[in-house]
Amino acid sequence: MKLYRVGGCVRDRLLGIPVNDIDWVVTGATTAQMLAAGYKSIGKDFPVFLHPESKQEYALARSERKTGPGYRGFEISADPATTIEQDLMRRDLTINAIAEDDQGNIVDPYDGRGDIEARKLRHVSAAFVEDPVRVLRVARFSARFHKLGFTLAPETRELIRQMGQSGELATLVAERVWSELSRALDEDDPAIFFATLRECEVLASLFPEIDALYGVPQTAKYHPEIDTGIHVMMALQKSAALGHDNETRFAVLMHDLGKATTPVAILPSHHGHEARGKKLVKAFCKRWRVPRTHTELALITTEFHTLVHRALELKPSTLLKLFISADSMRKPERFQKMLDACLADLRGRKDFEDEAYPQADFLAQLAVKLRQLDITEIQQRGLSGKSMGQAIRAARLGLIKQEKALTQPQQG
């Protein structure tokens with residue numbers, strides 16, 4: 001039995017960045033030997049065990065043989081005779097196919113260290129094409145290591161392009177796609193995930209709603225960058241720079257999908273893109289089984305972002321409708337995330353990167369006051385049903401009018 005640290009922990013140590021999790025591969029051992037040594041079996045598809053004390057994962061070295069389509073179409077062998085080199089061969093990128101034994105000796109049969117020095121993301125072998133999830137993983141690693149200067153090797157780009165043409169990407173399972181997309185959104189440079197997929201000519205196959213945004217013009221006065229696809233990626237980058245959470249970044253990604261379906265005759269105006277966008281967001285989230293909280297935030301951001309931008313000029317009745325429709329009373333945190341997404345939308349434009357956004361502060365403060373509005377006196381009137389609702393609405397409207405008056409410039 002021999003133990004090796006493998007994959008990300010070795011890669012990150014060689015890159016000089018913090019190591020979070022340590023994965024181990026064990027050669028020369030059987031499942032019975034691991035269990036006898038006190039390890040707990042947790043693997044469903046192949047032998048993986050938890051160390052009895054450290055709780056770190058230890059996997060038996062294994063080899064794979066493609067037997068069917070998709071990422072499940074493999075026959076896996078964890079024979080004790082499997083070498084560490086054979087185990088590393090099945091990995092996606094050379095920088096992830098490096099091992100280190102318990103004496104600190106590096107095992108690097110595919111020159112992952114050379115690619116770390118060259119800052120290249122390169123596939124290990126032709127077996128890369130057998131698992132379509134690797135396309136998304138490569139795009140995610142492109143986003144993660146973009147700041148370190150990593151670029152995609154030309155031969156890997158071409159291989160991914162061929163995978164797109166072969167139809168193998170159609171076998172992707174929704175949960176795996178969402179897992180990779182969600183993790184990519186959390187990177188410092190999430191836009192690079194989509195740029196890499198587009199560069200490899202597979203963005204249209206995977207996320208056609210996003211690919212369709214490129215080349216769609218917007219009004220130059222409000223969008224000096226013109227291109228809608230460029231704007232959405234700029235907004236996504238701004239959302240990441242502002243430290244927004246995963247749900248908010250996803251809402252930013254979705255907010256302008258409707259612009260891809262704007263009638264050519266009215267371009268570069270995009271009247272009605274909010275309603276058109278909601279249909280596309282719903283379809284996207286259903287197809288990839290996006291979590292409900294992500295979906296709901298994306299939908300209200302898509303529907304109301306233009307109203308939020310115009311908040312200071314809206315009528316009190318329109319403002320009240322916004323608060324009610326966005327359910328700000330019951331879901332204040334979600335409402336704030338929508339405002340955060342709108343800020344990223346505004347600043348994700350050429351020459352608007354540091355633009356002031358008083359609309360968000362105005363709406364956030366007004367939302368708090370509406371939630372804190374004391375309706376005790378109304379409740380004591382003995383009203384019920386429709387009459388009660390009308391009285392509460394009138395009180396809320398009065399508060400909005402009062403607050404809005406404070407935002408208007410003084411006369412005289």
What pairs come up if the first residue lies in the stretch 1-17 and is in the same structural domain as Ile84 (by TED's automatic domain parsing), the second is small (Gly, Ala, Ser) and in a helix (DSSP H, G or I), and their beta carbons are under 6 Å apart, counting only those six or more places apart or on different chains? none
Selection from the stretch 379-401 of residues in contact with a Leu (Cβ under 7 Å, 6 or more places away or on another chain) and without any contact (Cβ under 8 Å) to a residue 24 or more places away in the chain yields Ala391, Ala395
Which listed residue, of Leu366, Leu346, Leu339, Leu319, is touching a residue at least 60 places away in the same chain (Cβ under 8 Å) and among the hydrophobic types (A, V, I, L, M, F, W, C): Leu319
Of (1) in contact with a strand residue (DSSP E or B) (Cβ under 7 Å, 6 or more places away or on another chain); (2) farther than 22 Å from Val124 by Cα; (3) among the hydrophobic types (A, V, I, L, M, F, W, C), Val25 satisfies all except one. Which? (2)
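With the condition kept exactly as written, say whether any residue in the stretch 231-243 is surrounded by fewer than 20 Cβ atoms within 10 Å (Cβ to Cβ) and either in contact (Cβ under 8 Å) with a residue 24 or more places away in the chain or assigned to a helix (DSSP H, G or I) (or both).
Yes, the conditions are met somewhere in the stretch 231-243.
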Ser166 versus (1) surrounded by 15 or more Cβ atoms within 10 Å (Cβ to Cβ); (2) farther than 19 Å from Ile98 by Cβ; (3) among the hydroxyl-bearing types (Ser, Thr, Tyr): which is the lone unmet condition? (1)
Subset of the stretch 122-142 that is at pLDDT 95 or above and in contact with a His (Cβ under 9 Å, 6 or more places away or on another chain) - its residue that is surrounded by the most Cβ atoms within 10 Å (Cβ to Cβ): Val138
Filtered residue count, the stretch 143-156, keeping only those that are part of a helix (DSSP H, G or I) and either of a type in the set (S, T, N, Q) or surrounded by fewer than 18 Cβ atoms within 10 Å (Cβ to Cβ) (or both): 5
For the stretch 237-255, how many residues meet the condition of being in contact with a His (Cβ under 7 Å, 6 or more places away or on another chain) and within 15 Å of Phe304 (Cα to Cα)? 1
Let me confirm something: among Asp211, Asp188, which residue is outside the structural domain of Val264 (by TED's automatic domain parsing) and surrounded by fewer than 17 Cβ atoms within 10 Å (Cβ to Cβ)? Asp188
Any idea which of (1) within 24 Å of Leu159 (Cα to Cα); (2) without any contact (Cβ under 8 Å) to a residue 12 or more places away in the chain; (3) among the basic types (Lys, Arg) is the one Arg183 doesn't satisfy? (2)
Does Phe141 satisfy the condition of being under 24 Å from Asp87 (Cβ atoms) and not charged (D, E, K, R)? yes
I need the full set of residues from the stretch 325-351 which are surrounded by fewer than 19 Cβ atoms within 10 Å (Cβ to Cβ) and either among the charged types (D, E, K, R) or more than 28 Å from the chain's Cα centre (by Cα) (or both), in order please. Asp327, Arg330, Lys331, Glu333, Lys350, Asp351
What pairs come up if the first residue lies in the stretch 266-281 and is at positive phi and in contact (Cβ under 8 Å) with a residue 12 or more places away in the chain, the second is crowded, with 22+ Cβ neighbours inside 10 Å and not aromatic (Phe, Trp, Tyr), and their beta carbons are under 8 Å apart, counting only those six or more places apart or on different chains? Gly272/Gly258
Applying the selection to the stretch 372-394, what residues are of a type in the set (Lys, Arg) and under 16 Å from Pro316 (Cα atoms)? Arg393
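The values are calculated or read from the model by the stated rules, or taken from the named source; none is laboratory data. Not measured: the values here are computed from a predicted model. Here Cβ is always computed from backbone atoms with ideal geometry, including for glycine, and neighbour counts include all displayed protein chains.
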